[in-house]
1. Roll a 1.4 angstrom probe over the protein heavy atoms and tell me the percent of accessible area of region 50-144 that is carbon or sulfur.
2. Could I get the Rg over Rh figure for the chain? Both from C-alpha atoms, Rh via Kirkwood, rounded to two places.
3. Over region 96-213, with the other protein chains present, what is the accessible area per residue in square angstrom, probe 1.4 angstrom?
4. With a ≥ b ≥ c taken as the square roots of the eigenvalues of the C-alpha gyration tensor of region 141-191, please select rounded if a/c is under 1.5 and otherwise prolate if a/b is larger than b/c or oblate if it is not?
5. What angle do you read, to the nearest 10 degrees and between 0 and 90, between the alpha-carbon axis of helix 18-34 and the longest principal axis of the chain?
6. So if R0 is 41 Å, what FRET efficiency would L51 and A197 give, r being the distance between their Cβ atoms, rounded to the nearest 0.05?
Amino acid sequence: MAAAVALLSLGVPLGLSGQEGAMEILEDASARYGDVQAVCARFVQTLEVVLLDQTNRGEGELCQRSPNLFSMRFSDPPGDAVVADGEFFWVYYRSINPEQVLRLPLDPSRGGLDFYREFLDGPREKYEARLEGREEVTGRETVRVALTPLSPRGYQSARVWIDPARAEIRQVEVTEENGSIRTVTLDEIRMDPDLAADVFRFDVPDGVSVVAR
């Protein structure tokens, strides 16, 4: 973290510190989460579907627990959910297709929508990284880091906005393989909160069919 704080306090253009500076910032954030078992936050998501020239917005509550539990439940649109229960990955967009839920096998080698794990766990082995500058996100000054996967990870590229004072991820932007751009902004971040037993359980609604892949 000292390297990132020094860059900010001295006013050094972040783009000049290159790959190593970007990696130090990612690793500082990784150390911050190293002893954290669970994280919850409020989120706002925008999904720009380039092929359809369409942008969708949603918000709700996001939680994760190491090593492979994840929950993204929407209050708007209500009922939408993406859940990893440790065995399967459930995707239910009630607002789009209320009669069908997608069930995928969980790939333990990837973080997927669990971007804490995806972007902070061993970044040197996964990405080429560069610093792009500073930007305020949810009232906090952040450092923006661009990431290009060194091997296929299910998306083209990503950006993460990290608050260097707290070593917290505040925003993530993922350019998916089909060109769609998903941006998730976090606020009210809580470390190791008390979680109900059913946070990472997905119950298939009555009348909804399961499509397994």
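The values are calculated or read from the model by the stated rules, or taken from the named source; none is laboratory data. Since the model is a prediction, treat every value here as computed from it, not as a measurement. Every residue, glycine as well, gets a Cβ built from its backbone with ideal geometry; the counts of neighbours run over all protein chains shown. Heavy atoms of the whole protein, side chains included, go into the accessibility calculation; ligands, DNA and RNA do not. Shrake-Rupley method; radii C 1.70, N 1.55, O 1.52, S 1.80 Å.
1. Values: 2340 of 5030 Å².
It is 47 percent, rounded to a whole number.
2. Values: Rg = 17.4 Å, Rh = 18.0 Å.
Radius of gyration over Kirkwood radius for the chain works out to 0.97.
3. On a per-residue basis, region 96-213 sits at 52 Å².
4. Working: a/c = 2.55, a/b = 1.90, b/c = 1.34.
Here region 141-191 falls in the prolate category.
5. Here the helix axis deviates by roughly 50 degrees.
6. On the way: r = 40 Å, r/R0 = 0.97.
Efficiency, from the Cβ-Cβ distance: 0.55.
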